[in-house]
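Everything below concerns the one structure shown next.
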């Protein structure tokens, strides 16, 4: 009889031990699912950020290519972009101001609103006129300065070589509302007077 009591007592302990083990396994499974879900979300964010960066870089390269195709001194610079322009070249005052010896970008306070304004930038349309990025990146070039306006003393009859310097800016934002990407480069364009 003593063996019978021990056996029945052991049978009664199996159920609580099994329930505790099932609870632990369930907690481990839920934690693993949360971790994999977080990992998927992070990899999705990384892919979106890479796509947005590529969009901004495409817009940046397109402006540089359009500047390279210009011939002569005329680059179409203006105080504001015009709808339908294939290249928007702005004056420096439109994008930056100097206060207390420091440069402040005009888009610093509200970049989305500033870049959305059609007077500040144009949509990137790609070399074939169609963008595959949604929303379309925005782009412009800014006149930074120029040199070479002097006389060519070595050959007075030859035209002088001039160099115009541009700051090329591109802005892109993903559809999920993540942080925007703003890329900048400096482009030098040489031409003869």
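Computed quantities for the displayed model
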| read-out | value |
| --- | --- |
| Ratio of the Cα radius of gyration of the range 13-192 to 2.2 N^0.38 Å, where N counts its residues | 1.63 |
| Relative packing of peptides 56-68, 125-137, 22-34 - highest average C-beta neighbours within 10 Å first | 56-68, 125-137, 22-34 |
| Rounded to 10°, Cα long-axis angle of helix 2-68 versus longest principal axis of the chain | 10 degrees |
| Approximate spin-label separation residue 128-residue 192, in nm, with each point projected 7 Å along Cα-to-Cβ | 3.7 nm |
| Added length on full extension, which subtracts the Cα-Cα distance from 0.36 nm per residue, residue 86 to residue 102 | 2.6 nm |
| Estimated inter-spin distance, residue 79 and residue 42, nm [label 7 Å along Cα→Cβ] | 5.1 nm |
| Percentage relative contact order, the range 68-150, counting C-alpha pairs under 8 Å, at least six apart | 30 percent |
| Residue-averaged 222 nm ellipticity for the chain, from DSSP H runs of 4+ at -39500 (n - 2.57), nearest 500 | -14000 deg cm²/dmol |
| Extension gain from residue 18 to residue 33, taking 0.36 nm per residue of separation minus the Cα-Cα distance | 3.2 nm |
| Whole-number percent relative contact order across the range 13-192, with pairs defined as alpha carbons under 8 Å at least 6 apart | 22 percent |
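FYI, it's all coordinate maths here, none of it is from the lab. Please read these numbers as outputs of a predicted model, since none were measured by experiment. All Cβ positions, even for glycine, are placed from backbone atoms using ideal geometry, and neighbour counts span all protein chains on display.
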